[in-house]
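Just so it is clear, none of the values below were taken in a lab; they were calculated from the coordinates. Nothing here was measured: the structure is a model prediction, and the numbers come from that model. Positions of Cβ are backbone-derived with ideal geometry, glycine not excepted, and every protein chain shown enters the neighbour counts.
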Amino acid sequence: MDNFIVSARKYRPATFDSMVGQDHITSTLKNAIRNNKLAQAFLFTGPRGVGKTTCARIFAKTINCMNLSDNIEPCNACESCLSFNRSASFNIFELDAASNSSVDDIRTLVEQVRIPPQKVRYKVYIIDEVHMLSQQAFNAFLKTLEEPPEYAKFILATTEKHKIIPTILSRCQIYDFKRINISDITRYLSFVAEKEGIKTEPEALSVIASKADGALRDALSIFDQLASFAGGELTYKLVVEHLNVLDYEYYFKITDFLLDGNIYDCLLTFNKVIESGFDGQHFISGLASHFRDLLVCTDNKTVELLELSEKIRERYLTQSVKTSPEFLIKALDIIQKTDFEYRLSNNKRLHIEIALMQLASISNYPTLQPKQTQLVTPPSKKTDNPAQKTTLPPPSSKPSSIPPKPQVSKEINTKLTPNKTTSANINEPKKPAFIPSTISIKDDIIQTDEAQETDETETFDFESDEFINARKIQPEHLHEAWNDFAAKISESHPNLYSTLISTKPDISEDFEITFEVSNLLQQKELYSLKMELISYLRDELSNNFIRLKVLLNTAAVQSKPYTPEEIYQHFVEKNPIVSTLKQKLDLTTEY
C-alpha cells in the first residue's frame with residue numbers, strides 16, 4: 001500500500017510560473033535574478049497558506065540553478081536542482097524559528113554562514129516564522145543580516161510582520177503576499193481534481209474556495225477531506241452539506257419573499273434554516289453577503305467583484321433586476337445592526353425574526369413608492385412624469401416680488417440618499433417605528449448669515465387661495481409654541497434647549513421664521529432638528545406655510561477669543577487678578 005501524500009504537498013508549485021495568485025511577487029523576483037540585482041535579505045509576509053515558504057524554496061533553487069532557462073526558471077536537471085529536489089542540498093538551509101528561537105540557535109547559524117557554498121554561487125538560509133525569534137536572537141542576527149558574505153542570502157517568512165523589530169525590517173526587501181482570490185483557487189482545484197481523476201461541479205469547487213478564505217493550502221486540505229468521503233465525484237449538494245455552508249437557494253428564496261413583503265414565508269424559511277442546525281448569526285451574515293452580491297450586480301461596472309461560478313452568477317444577475325439599490329442599502333443597514341446586537345440579545349431567534357419583519361416591510365416604506373408620496377426621482381432613473389407638482393409651502397420670498405412659478409420639483413442633490421422624501425409634507429404617511437431611518441437632511445450643511453432660501457425642494461403659487469387665506473400667526477402664539485418645543489427636547493438635547501430659549505424668533509408676513517444663533521455649533525445642532533421643529537410649529541399653529549431660516553451672527557463669532565493669548569486677555573479684562581496670578585506662579589498662555 002503506497003503512502004498517501006496530501007495534495008498541498010503533492011501539487012506544491014515547483015516553478016515561479018506555477019505559483020498561484022502571486023504574479024506581482026514572482027515577476028519582481030525573476031527580474032531581480034535576470035538583472036543580477038539580488039538583495040542580501042528578503043522578507044516574505046502575508047496570510048497563511050498563500051505560498052510564502054514555497055516561493056522562498058523556488059527562489060533559492062532558481063538562483064543556484066546552473067542552467068537557467070530564458071524564462072528564469074530552474075532546469076530541474078543540473079546537480080544543484082537534483083540535490084534540492086531530493087532534499088539533500090548542502091547550500092540551502094531551512095530553519096524553523098518557532099523551535100529554534102534562542103540566541104544560541106542564531107549564533108550557530110552565524111557560524112555556518114562563514115563556510116562558503118559548494119559548487120554553486122549562493123548559500124541560502126530560509127527562516128520560517130521568523131517573528132518567533134526572541135529579542136536577544138534578533139539582536140544577535142542584526143550584523144550578519146546587514147553585512148553577510150557576498151554568497152549568503154537570507155529569506156525570512158512570517159505571518160505577523162508587526163512582531164518583527166524595525167531594525168530587522170530595515171535590512172530586508174519586503175514582499176507582501178496577498179490572499180488568493182476565489183477564481184484562482186477554483187481553477188487550481190479543478191487542475192488537481194483532473195490530475196486525481198475526480199469529477200467535480202464548478203459550484204462545488206467555488207464553495208471550497210470561499211471556505212478557504214484566500215488560503216490555497218486550506219482549500220487543498222478541504223478538497224482532500226471531501227474527496228475521501230465522496231469517492232470519485234464532488235457535487236455542490238455534498239459540499240454544502242459537509243462544510244456546514246448554507247445553500248444559496250435559501251437566500252434567493254428569502255430575498256424573493258422580502259421583495260414581496262411576505263413576512264410569513266420568510267419566517268417559515270428561517271425556521272427550516274434553524275432546524276437544519278445552522279446558527280442564527282451564520283444565517284444573518286450570509287444574508288448580508290447575499291445582499292452585497294446583489295448590490296454589485298446592479299451596475300455593470302461592479303459585476304466583476306462577484307467571485308462566483310457562472311451558474312450562480314446568472315442567478316444573482318437575474319434577481320438583481322428585481323431589486324433596487326435603495327432597498328439593498330436599507331436592508332444592509334438593518335442586517336448590520338442585527339448582527340452587531342445579536343450576541344447581546346436574550347432571545348436570539350426573535351431578534352433575527354424581527355429583522356426579517358423589518359426587511360419585509362421596506363417595500364411598503366413610503367420612500368420606495370414614489371407614486372403615492374410624490375417623491376423626486378433620482379437623476380439615474382427615468383419617470384413618466386418628471387415634473388410632479390408638490391403641495392409644499394412657499395420658500396422665503398415676498399409675494400409681491402416673485403411672479404407665479406409652476407410647481408416643479410427640483411432634483412435631489414446626488415450626494416444625498418436617492419430616496420429622500422420631503423418631510424415637510426404633513427399628509428405623508430408616517431414610517432413604521434421599527435424601520436431605521438436613513439433619510440439625510442439636505443440643510444444639514446452649515447450656511448452663512450447671507451439671505452439664502454431654505455427648503456429648496458418646496459415650490460408654490462403665491463397667488464393661490466390657500467396661501468392668501470392661511471391663518472395669520474401672532475408673535476406671542478409663535479413664542480409659546482417655540483418654548484413648548486424647547487421644553488419637549490430639553491432632556492434629549494439640553495444644549496439645543498438652551499439655544500432655543502436664549503433668543504426669541506421673529507416671523508414675517510409670508511410666514512418665514514428667522515432665528516439668530518451666535519456660533520456654528522448652535523447652528524449645526526439646530527439644523528439637526530430643523531424639520532422636526534418646522535413640523536411641530538405647523539401643527540401647533542395650524543399653518544402649513546411656516547418656514548425656518550437660521551442666521552449666524554458673524555459679529556458674535558468673530559468677537560469670541562480663540563487663541564491662548566486672546567483667551568488670557570479676555571479673562572484679564574473680566575478679572576485683573578488673573579494677571580497677578582500668572583506673574584506669581586510664572587505661568588504661560590500656551591497649552
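With respect to the cross-link table entries LYS272/LYS322; LYS504/LYS530; LYS301/LYS337, which display a Cα-Cα separation exceeding 18 Å? Don't skip to the end; give the middle numbers.
Values: LYS272/LYS322 25 Å; LYS504/LYS530 16 Å; LYS301/LYS337 28 Å.
Where the Cα-Cα span goes over 18 Å, the pairs concerned are LYS272/LYS322; LYS301/LYS337.
On the first, second and third principal axes, largest extent first, how far apart are the outermost C-alpha atoms of region 230-358 in Å?
Here the spans come out as 44, 40, 24 Å, largest first.
How many lysine pairs in region 7-176, separated by 8 or more positions in sequence or lying on different chains, have Cα atoms less than 14 Å apart?
Working: LYS30/LYS61; LYS37/LYS153; LYS52/LYS161; LYS61/LYS119; LYS61/LYS123; LYS61/LYS153; LYS123/LYS153; LYS143/LYS153.
Lysine pairs satisfying the spacing and distance rule in region 7-176 number 8.
Relative contact order of region 225-335, please, whole-number percent, based on alpha carbon pairs below 8 angstrom and at least 6 residues apart. Show your work: numbers first, answer last.
On the way: 63 pairs, mean separation 23.3, N = 111.
RCO, region 225-335: 21 percent.
Order 528-535, 166-173, 202-209, 220-227 from most to least packed using the mean count of other Cβ atoms within 10 Å. Show your work: numbers first, answer last.
Working: 528-535: 17.5, 166-173: 14.9, 202-209: 23.8, 220-227: 20.0.
Answer by packing, highest mean first, reads 202-209, 220-227, 528-535, 166-173.
If you count, for each residue, the other Cβ atoms within 10 Å and average over each peptide, how do 264-272, 107-115 line up from highest to lowest?
In decreasing order of mean packing, 264-272, 107-115 become 264-272, 107-115.
I'd like the projected area of region 159-234, averaged over all directions, using the convex hull of its alpha carbons. Report it in nm² with one decimal. Don't skip to the end; give the middle numbers.
On the way: hull surface 24.8 nm².
Reported value for the Cα convex hull: 6.2 nm².
I need to check one value: relative contact order of region 182-242, counting alpha carbon pairs closer than 8 Å and at least 6 residues apart, in percent. Intermediate values should be presented prior to the final figure.
Numbers: 66 pairs, mean separation 24.2, N = 61.
Relative contact order here is 40 percent.
Does region 194-280 come out rounded, prolate or oblate, given a ≥ b ≥ c as the square roots of the eigenvalues of its C-alpha gyration tensor, rounded meaning a/c under 1.5 and, failing that, prolate meaning a/b above b/c?
Details: a/c = 2.55, a/b = 2.54, b/c = 1.01.
Here region 194-280 falls in the prolate category.
Evaluate the relative contact order of region 7-176 (contact order divided by residue number), counting alpha-carbon pairs under 8 angstrom at least 6 apart; express in whole percent.
Once normalised by length, the contact order is 30 percent.
Going by average Cβ neighbours within 10 Å, how do the peptides 339-351, 323-335 rank, with the highest at the top?
Details: 339-351: 12.2, 323-335: 19.8.
Descending mean neighbour count gives 323-335, 339-351.
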